[in-house]
1. With the Cα gyration tensor of the range 127-257 giving a ≥ b ≥ c as the square roots of its eigenvalues, does the rule (a/c under 1.5 for rounded; else a/b larger than b/c for prolate; else oblate) give rounded, prolate or oblate?
2. Cut-off is 10 Å between beta-carbons; in what order do 74, 131, 116 appear when sorted fewest neighbours first?
3. Can you check what the Kirkwood hydrodynamic radius comes to for the chain, Cα pairs only, in Å to one decimal?
4. Could you give the nm distance between label points at residue 116 and residue 75, where each point is 7 Å from its Cα heading toward the beta carbon?
5. Would you mind classifying the range 1-136 by shape? Square roots of the alpha carbon gyration tensor eigenvalues, ordered a ≥ b ≥ c; an a/c under 1.5 is rounded, otherwise it is prolate if a/b is larger than b/c and oblate if not.
6. Separation between the residue 239 and residue 50 pseudo-spin-labels, each 7 Å from Cα along Cα→Cβ, expressed in nm?
7. Could you order peptides 79-88, 187-196 by the average number of other Cβ atoms within 10 Å of their residues, highest first?
8. Among 56-62, 3-9, how do they line up by average Cβ neighbours within 10 Å per residue, starting with the highest?
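Every number in this text was worked out from the coordinates using simple rules, so none of it is lab data. Everything numeric in this text was worked out from a predicted model, so none of it was measured. Don't worry about glycine lacking a Cβ; one is built from the backbone with ideal geometry, like all the others, and counts go over all protein chains shown.
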Amino acid sequence: MSMRIRFLRHATFVFEAGGQQVLVDPMLAPAGATDPVPNTPNQRRNPLVDLPLDDAGTLGLLEETDAVLVTHTHNDHWDGRAQDLVPKDIPIFCQPEDLEKISAAGFRHVTPVEDHLQWRGLGFTRTNGRHGTGEIGDLMAPVSGFVVRVEGSPSLYVAGDTIWCPEVEEALGTHDPNVVVVNAGAAQFLEGDPITMTAMDVASVCRALPEARVVAVHLEAINHCLLTRRELEEELHNQGLSERVEIPVDGETFEIP
């Protein structure tokens, strides 16, 4: 049984496995709806691009969605538009720290993943990460990743907003996922190191798990994500890793056998 992934924009995508359709990190606002991330190298309004769906298409997608997975509640992963449009009775899975915030927005079936849970044949296991280094990394925390398993389908590791770090390396070694979705873009403030994966971080993921299919998202949609698709592709090509990594365009769908 294959897994179908439909990438929408930034970190927002849908995966279908085990007869269930799960929406990950919905950021549904139109282009230019929100202020730029402050203290960053450019001050363009966010999102930088529109969704590859019109309003009717977005509503249709939500009608077909069985559950929502929120890795963390930063605005570029769980925005006001998503909170308005996502049905209040849909199951939502999240890290424990975000239970109160999501529930306070009126959602009635919010389940925190402490370590592991089963839902309709899907197993969700929460992993750790680091949303940057030093003081900035501490301020951006907490964030989580999630490994999703369903019998007969490829296993999926949604790394979440993290840099390459021991926690990610441990998750790869422990869970040995078939598919790894990483948030690239090398997001950065005017001070400090990148807070999401750089091209070198993506390469480290590839080398840590040579058999996995890596999907790099979180690119060209938010003003502080400075790494472009082209730059990532060029660096991966230079390192002989181009064949290992999918860098989907907005709206792209692919099957994982």
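1. Because a/c hits 1.5 or more and a/b fails to exceed b/c, the range 127-257 counts as oblate.
2. Values: 74 18, 131 23, 116 11.
In order of increasing Cβ crowding within 10 Å: 116, 74, 131.
3. Across the chain, the inverse of the average 1/r is 18.1 Å.
4. Modelled inter-label distance: 3.8 nm.
5. Oblate is the answer for the range 1-136, as a/c is 1.5 or above yet b/c matches or exceeds a/b.
6. Spacing of the two 7 Å Cα→Cβ label points: 3.6 nm.
7. 187-196, 79-88
8. Top of the packing list down: 3-9, 56-62.
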